[in-house]
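Since every read-out is calculated from the coordinates, none of them should be taken as a lab result. Please read all numbers here as calculations on a predicted model, not as lab measurements. No Cβ is skipped: glycine too gets one built from the backbone with ideal geometry, and neighbour counts run over all protein chains shown.
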């Protein structure tokens, strides 16, 4: 099982808190030994994904914006936009 949690200062050490839902699910008890895999969360930067999606290169900037916008607009807004595009071709 993998969880994401924050570290906390505890004296001179660093502690983590296991969420109660995980404690209940895994039936973890106080003073019980557990194994924790420690791995820093990697921050994803734009440079890390730049060029990773070559199929997007065939789209123009306007097509990319239209695709992104499609999820934001209501159905009536999309219909109005399509009607405007048909009239202005």
Of the residues 3, 18, 28, only one is surrounded by 10 or more Cβ atoms within 10 Å (Cβ to Cβ), part of a loop (DSSP other than H, G, I, E, B) and in contact with a helix residue (DSSP H, G or I) (Cβ under 7 Å, 6 or more places away or on another chain); which? 3
With respect to residue 42, determine if the residue is at negative phi, out of contact with any strand residue (DSSP E or B) (no Cβ under 9 Å at 6 or more places or on another chain) and not in a helix (DSSP H, G or I). yes
How about region 71-89: which of its residues are in a helix (DSSP H, G or I) and surrounded by 11 or more Cβ atoms within 10 Å (Cβ to Cβ)? 77, 78, 79, 80, 81
Condition met for residue 48 (closer than 30 Å to residue 22 by Cβ and not in a loop (DSSP other than H, G, I, E, B)): yes
